[in-house]
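Here the structure is laid out as structure tokens; the discussion comes afterwards.
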Amino acid sequence: MPDWPTVARIVHVLGVVHWIGGLAFVTFVILPGLQEIEPSRRLALFDTLERRFARQARVSTLLVGVSGFYMLQAYGEGGRLAELRFWWLDAMIGLWALFIVMLFVAEPLFLHAWFADRARRDPDRAFRVALRGHRVLSAIALITILGAVGGAHGMFS
């Protein structure tokens, strides 16, 4: 019989590595590399690349959410969400919720169209906005990971 909490932890870590690792790759490799391309062309290429990753990130974030909430229940840790010293649990859930809203609600309903409109008017500025947004999200994600790994190993107890 499989140890389901361990399976959930494996799925969770793999999902986070794919999701946040992909975000970091886009933020620190793809976007800076695109700065060398003409502004009108760079946004089209960025859109193509990001759409491919967005589909994958939707799967990863769903797996992270399912496995994370399962682990909270399986280990009986839900009560820790209200304890300040377990802030990193709330940070993980908040980051996950932010990306769920972005990937499943904002992006398909209005964000893509809003960004495309801005890109038509001023492609260079639109690119800078995308880069800044990715940098902010990456910083939040890295702080959350730092807190989660440290917290899971008792650094904040």
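All of the numbers you see were taken from the coordinates with simple rules; none came from a lab. None of these values were measured; they are calculated from a predicted model. Using ideal geometry, Cβ is built from the backbone for each residue, glycine included, and neighbour counts are taken over all protein chains shown.
Listed here are the residues, each with its yes/no results for (1) surrounded by fewer than 17 Cβ atoms within 10 Å (Cβ to Cβ); (2) aliphatic (A, V, I, L, M).
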residue	(1), (2)
25	yes, no
29	yes, yes
34	no, yes
47	yes, no
51	yes, no
59	yes, yes
62	yes, yes
65	no, no
68	no, no
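A quick yes/no check of all residues on (1) out of contact with any helix residue (DSSP H, G or I) (no Cβ under 6 Å at 6 or more places or on another chain); (2) over 19 Å from residue 128 (Cβ atoms); (3) outside any helix (DSSP H, G or I); (4) without any contact (Cβ under 8 Å) to a residue 60 or more places away in the chain:
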residue: 16; (1), (2), (3), (4): no, yes, no, no
residue: 31; (1), (2), (3), (4): no, no, no, no
residue: 37; (1), (2), (3), (4): yes, no, yes, yes
residue: 40; (1), (2), (3), (4): no, no, no, no
residue: 52; (1), (2), (3), (4): yes, yes, no, yes
residue: 60; (1), (2), (3), (4): no, yes, no, yes
residue: 65; (1), (2), (3), (4): no, yes, no, yes
residue: 92; (1), (2), (3), (4): no, yes, no, yes
residue: 104; (1), (2), (3), (4): yes, yes, no, yes
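Going through (1) surrounded by 14 or more Cβ atoms within 10 Å (Cβ to Cβ); (2) over 17 Å from residue 152 (Cα atoms); (3) among the aliphatic types (A, V, I, L, M); (4) under 20 Å from the mean Cα position of the chain (by Cα) one by one, residue 126 falls short only on (4). Filtering the stretch 111-157 to residues that are of a type in the set (S, T, N, Q) and without any contact (Cβ under 8 Å) to a residue 60 or more places away in the chain leaves only 144.
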